[in-house]
Amino acid sequence: MCKSYIHKQLDIIQPKLIIAFGKSCNYLLDENKEINELRDLPLDYKGIKVVTTFHPIDVLRNPSYKKDVFNDFKKIKQMLEL
C-alpha cells in the first residue's frame, strides 16, 4: 500500500546506500527470495547500492546471526568510506 510512497521518497533523497533488513529487500526490489539468498548478492535500486542483512528480530530469535550482521556492517562501513 505504501510502496509508491517509499519509491518516491528514495527518488527524492537519493541515498548513497540502502540497507534492507530482512524481507524488506524483497519488497523494495520486487524479489521473492530468502534473506540468505540475497545477503551476498550485489543488489541495486535505480543505481543505488542495496545491502541486505538480517532483521533485528531474526537476530534475537537466532543469536548465531550476530556474526553475519556484524560482517555485513563491516562491509557497509567499507562501502561508505569509498
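Some values worked out for this structure:
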read-out: Leading residue by the ranking (surrounded by the fewest Cβ atoms within 10 Å (Cβ to Cβ)) among those in the range 8-18 that are at negative phi and either touching a strand residue (DSSP E or B) at 6+ places or on another chain (Cβ under 9 Å) or part of a loop (DSSP other than H, G, I, E, B) (or both); value: Lys16
read-out: Every pair of residues 6+ apart whose Cβ atoms lie under 9 Å, when the first sits in the range 43-57 and is at positive phi while the second is of a type in the set (A, V, I, L, M, F, W, C); value: Lys46/Leu10
read-out: Residue count, the range 25-65 (criterion: assigned to a helix (DSSP H, G or I) and in contact with a Ser or Thr (Cβ under 8 Å, 6 or more places away or on another chain)); value: 3
read-out: Test: residue in the range 18-36 that is at pLDDT 90 or above and more than 11 Å from the chain's Cα centre (by Cα); value: no
read-out: Every residue from the range 19-48 that is in contact with a strand residue (DSSP E or B) (Cβ under 7 Å, 6 or more places away or on another chain), surrounded by 14 or more Cβ atoms within 10 Å (Cβ to Cβ) and within 17 Å of Ile6 (Cβ to Cβ); value: Ile19, Ala20, Phe21, Cys25, Leu28, Leu29, Leu43, Tyr45, Ile48
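The values are calculated or read from the model by the stated rules, or taken from the named source; none is laboratory data. Since the model is a prediction, treat every value here as computed from it, not as a measurement. Neighbour counts run over all protein chains shown; Cβ positions are idealised from the backbone, glycine included.
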